[in-house]
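For reference, the structure discussed in these notes is given below.
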Amino acid sequence: MTEGVRLARWCWAGGRYSLGLINFHRGDLNCDGSINFGDINPFVLALTNWGAYLQEYPNCGVYLADIDGNGYVDFGDINPFVALLSGQGY
């Protein structure tokens, strides 16, 4: 269940800010467009310290770590995240 997550972001373009919607996938915690081992440390950070995650990855959203889609970033997301990394999907 890796449906996209749509996040609103302020973007600077043409000399002004505009609000844009950007699509990301659950599990892509570093927002590089792919779900891989580079997402492990950001996932752990999002799970343990939301503020530090948002500071380190300001253009991402902490809810990308809500892998099971229940509305919470918690320990229930660990096994689904591992399944995503191993290519089993969720």
**OP:** For region 68-90, enumerate the residues that are hydrophobic (A, V, I, L, M, F, W, C) and in a helix (DSSP H, G or I).
**Re:** 75, 78, 81, 82, 83, 84, 85
Subject >> Residues (exposed (fewer than 14 other Cβ atoms within 10 Å of the Cβ) and modelled with pLDDT under 95) located in region 76-87 >> reply: 86, 87
Original post:
Of the residues in region 46-64, how many are within 23 Å of residue 88 (Cβ to Cβ) and modelled with pLDDT of 95 or more?
Top reply: 2
**OP:** State all residues of region 25-60 that are assigned to a loop (DSSP other than H, G, I, E, B) and in contact with a helix residue (DSSP H, G or I) (Cβ under 8 Å, 6 or more places away or on another chain); if no residue qualifies, say none.
**Re:** 26, 27, 28, 29, 30, 31, 32, 35, 36, 57, 60
Subject >> Tally of residues being more than 13 Å from the chain's Cα centre (by Cα) and either of a type in the set (A, V, I, L, M) or closer than 15 Å to residue 24 by Cα (or both) across region 49-83 >> reply: 4
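The values are calculated or read from the model by the stated rules, or taken from the named source; none is laboratory data. Everything quoted here is computed from the prediction, not taken from an experiment. Glycine gets a Cβ as well: all are built from the backbone with ideal geometry, and neighbour counts include every protein chain shown.
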